[in-house]
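The values are calculated or read from the model by the stated rules, or taken from the named source; none is laboratory data. Just so it is clear, the model here is predicted, and its values are computed rather than measured. Counting neighbours? That spans all protein chains shown, and the Cβs are built from the backbone with ideal geometry, glycine included.
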Amino acid sequence: MDQSALADRRQLRRKLTFWRVAAALLLVAIGFSLYNVFLKQDAGAARAHVARIDISGMITDDDELLERLEAIRKNRQAKALIVSISSPGGTTYGGEKIFKAIRAVAAEKPVVSDVRTLAASAGYMIASAGDTIIAGESSITGSIGVIFQYPQVGELLLKLGVSMNEIKSSPLKAEPSPFHPASPEAEAMIRSMIMDSYDWFVDLVADRRKLPREEVLKLANGAIFTGRQALKVKLIDSLGGTPEIRSYLASRGVADDLPIVEWKAKDDSGFFTIASAVSGLLRLAGVDATTLPGNFQDLVGRKLFLDGLVSVWQVGRD
């Protein structure tokens with residue numbers, strides 16, 4: 001065999017070795033991903049435990065969280081649930097859905113709301129779904145209310161020499177508009193919608209906290225409270241942390257030596273994820289993922305949108 005044929009064989013062998021190693025590494029990455037997503041959490045959940053979930057940041061309509069709560073409700077080994085909250089609030093609808101999902105869990109097993117640094121507005125709405133609310137002395141909570149905001153850019157457009165004309169089927173269509181001040185009729189429509197959601201929120205708090213509606217209305221002026229203040233006005237049940245949570249669960253018949261297992265969102269449960277594995281495969285194939293359609297970005301991450309009525313604590317506004 002001549003030298004050129006031997007060189008070709010060596011080059012082919014090196015290429016095959018490279019792709020075999022690449023394939024093996026990809027399989028390892030996918031294996032880690034599948035373990036983290038499907039097996040790691042289930043390993044802890046396979047024995048009796050106290051389930052724990054974290055709700056942090058802006059609250060939105062979160063299907064993954066709702067599915068997780070439903071899985072906890074159905075899991076016979078999950079003897080109780082701790083909902084740890086660090087959130088300024090979010091959409092009223094998102095809070096409503098999570099509230100109802102937590103109440104479904106509470107219908108079958110004890111639920112403790114663990115207020116951390118902040119659980120305001122829709123965050124407090126979610127906290128009120130627990131059988132008991134435990135907060136730190138300096139935790140921030142409250143801010144019971146609803147807000148609807150829209151920008152006004154009409155004057156800016158005029159300075160730029162841009163005008164906006166519109167033809168509508170009726171005066172209230174697409175109101176309020178960012179291009180002109182709202183008419184009295186539009187303001188009345190929005191206020192009516194806000195107050196309807198506000199009344200629902202107030203009734204929810206009155207029912208869950210066993211307080212007269214008139215007393216809740218005095219607290220539902222957007223004010224925020226420390227944990228110590230919230231305890232005095234009966235928006236929470238006690239101050240403390242893990243020992244107090246354990247004590248409450250023990251009073252509900254949950255053994256205090258059960259491990260606390262955190263039920264994490266499946267898409268952020270480890271360094272190796274399916275998304276990163278797919279991305280790695282594309283790189284090996286010489287494909288630039290940034291040039292792919294937006295659907296690929298939906299695989300890698302989730303965008304945050306806040307639409308509709310919002311129950312959120314805003315510094316300097318409430």
query: Among the residues of the range 71-94, which ones are under 15 Å from Gly130 (Cα atoms), of a type in the set (D, E, K, R) and without any contact (Cβ under 8 Å) to a residue 60 or more places away in the chain?
result: Arg73
message: I'd like the full set of residues that are at pLDDT below 90 and either surrounded by 11 or more Cβ atoms within 10 Å (Cβ to Cβ) or in contact with a strand residue (DSSP E or B) (Cβ under 7 Å, 6 or more places away or on another chain) (or both), limited to the range 159-173.
response: Met164
field: Ala29 being at pLDDT below 95 and closer than 17 Å to Val111 by Cβ
entry: no
- prompt: Somewhere in the range 227-241, is a residue loosely packed, with under 14 Cβ neighbours inside 10 Å and under 25 Å from the mean Cα position of the chain (by Cα)?
  reply: yes
Single residue of Lys264, Lys234, Lys303 found to be under 22 Å from Asp63 (Cβ atoms), modelled with pLDDT of 50 or more and not in a helix (DSSP H, G or I): Lys264
message: Criterion first (of a type in the set (S, T, N, Q) and at pLDDT below 95) does Ser192 satisfy it?
response: no
- line: Filter the range 104-120 for residues that are touching a strand residue (DSSP E or B) at 6+ places or on another chain (Cβ under 9 Å) and part of a helix (DSSP H, G or I); the one that is surrounded by the most Cβ atoms within 10 Å (Cβ to Cβ) is Val105
- request: From (1) within 30 Å of Pro259 (Cβ to Cβ); (2) assigned to a strand (DSSP E or B), pick out the condition that doesn't hold for Lys97.
  value: (2)
- prompt: Does Tyr124 satisfy the criteria of being hydroxyl-bearing (Ser, Thr, Tyr), within 21 Å of Val310 (Cβ to Cβ) and part of a loop (DSSP other than H, G, I, E, B)?
  reply: no
message: Residue under question is Ala119, and the condition is that it be at pLDDT 95 or above, out of contact with any His (no Cβ under 9 Å at 6 or more places or on another chain), aliphatic (A, V, I, L, M) and more than 17 Å from Leu239 (Cβ to Cβ); does it hold?
response: no
message: Among the listed residues Thr141, Thr132, identify the single one that is over 20 Å from Ser56 (Cβ atoms), in contact with a helix residue (DSSP H, G or I) (Cβ under 7 Å, 6 or more places away or on another chain) and not assigned by TED's automatic domain parsing to the domain that holds Asp203.
response: Thr132
